[in-house]
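The values are calculated or read from the model by the stated rules, or taken from the named source; none is laboratory data. Given the structure is predicted, the values throughout are model-derived calculations rather than measurements. Quick reminder, even Gly has a Cβ in these numbers, built from the backbone with ideal geometry, and neighbours come from all protein chains shown.
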Amino acid sequence: MSATVAQPIKPWRVNFKQAWPEIAGAIFAVVLTYAIVSATPLKGKLGFFVTLIFVATIVAAGISWLRRDRKAAFNSVSTVLVYIAGLFVIVPLASILYEIVRRGIAGLSWGMFTTDMAVTASDAPLSEGGILHAVVGSLYVVLIATIVSVPIGLLTSLYLTEIKGKAASTIRFFVQAMSGIPSIVAGLFIYAIWMIALGNQYSAFTGAMALAILMIPTVARTSEEVLKLVPGDLREAGLALGGTQWRTVAMIILPAAQSGLITSVILGIARVAGETAPLLLTMGGADALNLNPFSGYSSAIPFYVWKNFSMGTELSIQRAWSGVLVLMIIVLIFFSITRLLSNKKGRF
Amino acid sequence: MNTAARTLPPKRVITTKPRFSDKVFRAVVTSGGFSSLVILGLISIFLLINGLNTFKSEGFKFITGFEWYGPQLDAGLPAQYGIGAMLYGTIVIGLIALFFGFPIAVGAALFLSYYAPEWLKKPMVLVVDVMAAIPSIVFGLWGYFILMPHAEYWAKLIHKYLGFIPIFDMPAPAFSRSPFIAGLVLAIMILPIITSISREIFAQTPLDRIQAAYALGATKWSMIKSVVFPYGRGGVIGGAMLGLGRAIGETVAVYTVLNIVYDINIEVLLSAGGSVASMIVNKFGEASPEEVKALMAAGFVLFLVTLFINFLADLIINRTARKG
């Protein structure tokens with residue numbers, strides 16, 4: 001006599017008997033869509049997908065209604081719609097990334113990083129000219145914006161988490177509102193205060209000031225989130241050992257939150273590296289390399305893209321796409337760094 | 001044996017008086033904390049000062065007027081600066097963006113919170129975050145070269161089958177660079193912010209309520225309808241408003257895609273629209289000093305509108321988050 005060993009069953013698993021109506025329904029929907037598309041003047045992939053959405057919704061609702069009731073039908077419809085919404089989020093991003101690489105790769109070469117556009121006409125072949133001036137300009141702009149905005153953002157977040165003054169909730173509110181001001185307004189403001197009122201000229205520094213305004217709220221908000229995660233025990237321990245608040249913050253809290261704070265800075269950089277509108281008002285947009293960030297017209301990668309797109313010749317648009325590819329690579333590198341940092345540590 | 005009196009160390013002074021270093025620290029941090037207030041104040045003051053002349057000379061016409069030109073000396077006409085048409089255009093493309101973006105974003109947030117299989121959640125969140133990091137000029141170029149041909153075809157279909165509705169009517173067969181297409185690009189741009197805020201709010205729905213709904217035999221949709229939506233309504237609306245604020249302030253992507261025309265057109269599929277932010281970039285290049293001041297005034301209006309929308313949105317979101 002062989003002993004029967006009890007097999008563990010998983011009652012929550014969907015078995016074939018329960019699933020076949022759905023599978024059959026899905027196949028039926030695709031076939032029906034194909035039939036409709038070939039029978040009617042609807043054309044192409046787009047027509048197919050739009051029809052598929054409608055057919056799939058109706059078929060799913062019908063099957064659920066027949067098998068169960070009206071509520072189940074609503075459930076099926078909403079499930080299909082929610083899945084479609086999820087799809088709609090992925091499709092544009094996939095298309096954007098694919099097109100950037102496809103169109104940008106043609107103009108990409110090592111040579112483009114060593115020359116500028118000073119002596120290159122807009123319809124010169126792609127082997128001439130480059131984006132050196134834009135890369136250097138972007139580097140200056142982002143670096144200066146970081147130097148200006150990080151201390152201010154960090155101090156704001158320290159005020160919100162460590163001092164917790166009377167105005168803390170008001171300031172939190174205003175910082176949130178500040179993160180929503182349009183980038184063009186930041187550009188206009190810097191133009192008004194730095195160029196009209198103080199009489200300065202177009203330069204990389206002017207552009208950096210505009211970007212700093214956009215960067216401060218990002219840095220402040222993410223740093224605040226990070227500092228909030230530092231356990232209160234650490235603060236109390238620091239104070240109990242006789243440290244002043246300044247020593248506690250400088251030697252315990254900031255080191256404890258270090259990787260998170262770096263993440264917040266890089267997030268701020270990723271936020272402003274691709275900004276275009278404020279730079280259009282503040283940088284002048286040079287074609288030649290300008291190594292002095294404090295005077296003279298200069299350019300940045302988004303500005304380069306904009307300028308070449310505006311020229312509208314076939315080759316300049318090709319250049320614009322190459323610029324977009326470089327810009328996206330830079331933004332995605334910064335983005336990946338923040339991901340790696342926040343995954344590795346920063347959780348207490 | 002030495003019996004000299006033990007010398008006691010001086011009594012430690014225990015005081016609540018802050019040390020000098022702490023005073024400096026608190027002063028520096030507090031002044032840093034107030035800097036964002038100062039910057040916001042400076043922005044409004046400087047834009048207002050520069051725009052004041054325009055506000056004075058144009059009066060209420062600045063908000064309602066349709067004309068924008070400098071003084072025309074040969075015709076003896078004074079300058080006319082009015083952003084009425086642009087404000088109208090901004091609202092139109094903002095609403096189009098919300099019309100398409102909001103349902104998809106909320107659907108995607110629901111998908112992420114309740115429908116997606118475990119293995120798909122992380123990549124999907126990554127997709128949303130990457131989308132938020134894409135610069136607006138990239139969206140602009142993509143919208144112009146890739147989305148536009150498709151969107152023109154969709155616009156033609158809408159016109160063909162729904163043309164009897166006035167807003168889908170077409171006085172001239174120009175389907176490219178319309179508010180409709182600009183709205184579509186903006187819809188994609190505001191997806192990430194609405195999705196991530198909705199998802200955060202949905203995550204705060206009390207688990208016991210969800211389980212109670214399931215235990216009563218609710219389907220997933222009934223559960224969402226009766227538990228998740230009532231709890232998250234405010235947050236989702238706030239997210240939508242933040243998205244609207246983003247859409248209103250968007251400059252470069254809209255300018256790339258939209259054909260800016262100084263007129264109010266009710267037809268959204270027609271190749272003529274407006275946007276305050278894009279108009280500023282459009283006019284800034286060849287503006288006279290006086291016109292720049294008028295643009296500052298326009299920027300001030302834009303600043304106030306977006307600030308107001310963001311305030312309201314934050315208020316609603318914070319209240320919902322606290323309740324949840």
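Observations
- For region A:85-134, residues that are surrounded by 15 or more Cβ atoms within 10 Å (Cβ to Cβ) and in contact with an Asp or Glu (Cβ under 9 Å, 6 or more places away or on another chain) total 10.
- Of A:Val331, A:Val324, A:Val272, all but one fail to be surrounded by fewer than 22 Cβ atoms within 10 Å (Cβ to Cβ), touching a residue at least 40 places away in the same chain (Cβ under 8 Å) and either within 11 Å of another protein chain (Cβ to nearest Cβ) or aromatic (Phe, Trp, Tyr) (or both); the exception is A:Val331.
- Hey, A:Gly86 at pLDDT below 80 and either at the interface with chain B (Cβ under 10 Å from one of its Cβ atoms) or closer than 30 Å to A:Trp321 by Cβ (or both) or not: no
- All positions within region A:32-62 that are over 39 Å from the mean Cα position of the chain (by Cα) and either of a type in the set (Lys, Arg) or in a helix (DSSP H, G or I) (or both): A:Leu32, A:Ala35, A:Ile36, A:Ser38, A:Ala39, A:Gly62
- Of all residues making up region A:173-196, the number that are among the small types (Gly, Ala, Ser), assigned to a helix (DSSP H, G or I) and at the interface with chain B (Cβ under 7 Å from one of its Cβ atoms): 3
- Any hit, region B:59-70, residues being more than 7 Å from every other protein chain (Cβ to nearest Cβ), assigned to a helix (DSSP H, G or I) and either more than 25 Å from the chain's Cα centre (by Cα) or closer than 30 Å to A:Gln245 by Cβ (or both): yes
- Candidate set: region A:39-73, residues that are touching a Ser or Thr at 6+ places or on another chain (Cβ under 8 Å) and more than 22 Å from B:Lys225 (Cβ to Cβ); chosen: the one modelled with the lowest pLDDT: A:Leu42
- Residue in region A:300-312 that is farther than 20 Å from A:Gly137 by Cα, in a helix (DSSP H, G or I) and at pLDDT below 90 present: yes
- Residue that is surrounded by the fewest Cβ atoms within 10 Å (Cβ to Cβ), among those in region B:256-272 that are over 16 Å from B:Lys283 (Cα atoms) and more than 22 Å from the chain's Cα centre (by Cα): B:Ile266
- Where a residue in region B:119-147 is modelled with pLDDT under 95 and its partner, wherever it lies, is surrounded by fewer than 17 Cβ atoms within 10 Å (Cβ to Cβ), with Cβ under 6 Å and at least six apart: B:Val127/A:Ile90
- Within region A:197-214, restricting attention to residues that are in contact (Cβ under 8 Å) with a residue 12 or more places away in the chain and more than 13 Å from chain B (Cβ to nearest Cβ), the residue that is surrounded by the most Cβ atoms within 10 Å (Cβ to Cβ) is A:Gly207.
- In region A:286-321, the residues that are closer than 11 Å to A:Ala204 by Cβ and either small (Gly, Ala, Ser) or within 14 Å of another protein chain (Cβ to nearest Cβ) (or both): A:Ala286, A:Ser295, A:Gly296, A:Tyr297, A:Ser298, A:Ser299, A:Ala300, A:Phe303
- Listed by position, the helices (runs of 4 or more DSSP H) inside region B:224-324 whose residues that are of a type outside the set (Ser, Thr, Tyr), more than 10 Å from chain A (Cβ to nearest Cβ) and within 30 Å of A:Ser78 (Cβ to Cβ) number at least 2 are B:229-249, B:289-323.
- Flag for A:Gly242 being more than 9 Å from chain B (Cβ to nearest Cβ) and in a helix (DSSP H, G or I): no
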